[in-house]
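Below is one structure, written out as structure tokens; the observations come after it.
The values are calculated or read from the model by the stated rules, or taken from the named source; none is laboratory data. In this text, all values refer to a predicted model and were calculated from it rather than measured experimentally. Neighbour counts are summed over all protein chains in view; Cβ atoms, including those assigned to glycine, are modelled from backbone coordinates with ideal geometry. Keep in mind that these areas ignore ligands, DNA and RNA; they rest on the heavy atoms of the full protein, side chains included. Shrake-Rupley method; radii C 1.70, N 1.55, O 1.52, S 1.80 Å.
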Amino acid sequence: MKRDVLVFGELKSGNLRSVSFEAVAAAKKMAGDGQVVVVLIGEEVQRYPKEMIVYGADRVLTVEHKNLKKATTDGYAQALFKVIEEEQPDGLIFAHTTLGKELASRVASRMEAGLVSDVTGISREEEVIVFTRPFFSGRAFEKKVITEGLMMVTIRPNNIPPLERDPYRIGTVESVDIEIENLRTLITETIDNKRNGLDLSEAKIIVAGGRGVKNAEGFETLEELAEVLGGTVGASRGACDAGFCDYSLQIGQTGKVVTPDLYIACGISGDIQHLAGMSNSKMIVAINKDPEAHIFNVADYGIVGDLFEIVPALVEEVKQMKV
Ligand code: FAD
């Protein structure tokens with residue numbers, strides 16, 4: 001089997017997102033003996049091709065233009081159409097991020113291609129590529145195939161492991177010249193809202209707080225635990241609605257979908273809309289004073305008790321382990 005697969009290598013705040021390496025691993029599965037080609041769009045992207053190659057890319061295409069310094073769907077889609085026209089790939093992979101989702105739907109529509117979104121697994125059954133994705137808010141999984149034409153997918157971060165880094169791997173790097181026309185939107189400035197530099201959707205450890213955290217000060221306790229564990233803080237909508245924290249931290253059906261290695265839910269009841277965003281986490285620890293709380297139904301470990309006693313005790317314990 002031989003398919004050439006194009007990967008949109010996504011950058012954020014001047015760094016390659018870790019899901020871009022996962023996308024290369026996904027592309028390898030689809031490509032078989034074909035090529036994995038990564039396209040990097042933006043500003044000074046010449047810095048990143050080597051890193052993509054050592055993680056499995058065969059070729060890297062760089063697209064730079066003054067109007068592509070900040071990502072817009074309009075501009076990046078124009079760049080991608082040009083690359084697709086020249087490369088004629090069999091498959092195209094994006095990260096299931098805000099930008100990836102927007103771009104994938106626009107490109108799929110223009111190319112009249114089949115698109116499977118939020119993919120968490122890729123397998124090959126003889127010559128057919130099978131995509132696995134969650135549905136019913138993560139309570140079930142479905143398998144999908146694209147029967148003809150360009151195969152497009154978005155992959156959920158933290159699900160498809162990246163390939164092992166091979167520092168001796170070689171590949172080619174080419175730059176693509178492009179004219180950007182009639183841009184309807186230009187981003188002139190972005191203001192970062194992250195508190196500790198870690199992106200929720202790619203974080204490996206999340207300490208999430210709910211209405212049980214009581215107030216904004218309560219979240220400082222959670223931040224301490226997140227910091228000693230090397231993770232980041234998330235929240236339920238209950239906590240966001242109550243004004244304890246920013247909506248950018250919201251996890252769930254109308255917030256972010258996360259799949260960390262460890263999810264610690266503190267003072268969160270576990271309503272279905274919250275579970276929709278975190279129930280596929282690899283390990284879930286729940287801290288709640290109500291032994292009947294629904295969150296315990298999805299937890300691997302449950303601690304019944306007052307989070308204001310348990311969280312500081314955990315912080316101390318982790319600190320001791322590090323000494
Ligand atoms: P609560 O349900 O009030 O739970 C608080 C928990 O804290 C309780 O279980 C309590 O026992 C525990 N507790 C209290 N004090 C302590 C203590 N000292 N120590 C330990 N435990 C304590 N919600 C989301 O989270 N994300 C979404 O994306 C989302 N989208 C929604 C979309 C729609 C259309 C709708 C209708 C709702 C949505 N919701 C969402 C809201 C959701 O239904 C719940 O209202 C919300 O998740 C509840 O938040 P909570 O668990 O923090 O609060």
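Calculated FRET efficiency, residue 112 to residue 86, Cβ-Cβ distance, R0 = 22 Å: about 0.75 to the nearest 0.05.
Residues of region 39-65 falling in the label zone of residue 166, defined by backbone nitrogen less than 13 Å from a point 7 Å along Cα to beta-carbon, are 53-59. If you sort 126, 44, 51, 22 by accessible surface, 1.4 Å probe, largest first, the order is 126, 44, 51, 22.
For region 74-217, the calculated P(r) over all alpha carbon pairs, in 5 Å bins from 0 to the bin holding the longest distance, is 2, 7, 12, 15, 17, 17, 14, 9, 4, 2, 1, 0 percent. The label-point distance for residue 44 and residue 190, in a model that sets each label 7 Å from Cα toward Cβ, rounds to 1.5 nm. Among the GluC sites (Glu not before Pro) in region 179-269, those located in a DSSP loop and surrounded by at most 14 other Cβ atoms within 10 Å of their own Cβ are 179, 181, 189. For region 272-323, the fraction of alpha-carbon pairs lying more than 18 Å apart is 42 percent, rounded to a whole number.
Looking at the chain, the DSSP beta bridges with both ends there are about 20 percent antiparallel.
Mind telling me which of 38, 153, 176 comes out most flexible in a GNM of the chain, alpha-carbon contacts under 10 Å? Highest fluctuation of the listed residues: 176.
From helices alone, the chain scores -9000 deg cm²/dmol at 222 nm; the rule is -39500 (n - 2.57) for each run of n ≥ 4 DSSP H residues, then divide by the residue total. Of interest is the spacing of the C-alpha centroids, which for region 21-65 and region 143-165 amounts to 14 Å.
Counting only protein heavy atoms and a 1.4 Å probe, the chain has 49 square angstrom of accessible area per residue.
Go through 82/204; 70/282; 2/66; 69/322; 70/256 and tell me which ones have a Cα-Cα distance over 31 Å in this structure. Check vs 31 Å cut-off fails for 82/204; 70/282; 2/66; 69/322. Surface composition of the chain: carbon plus sulfur atoms contribute 48% of the solvent-accessible area (1.4 Å probe, protein chains only, all chains present).
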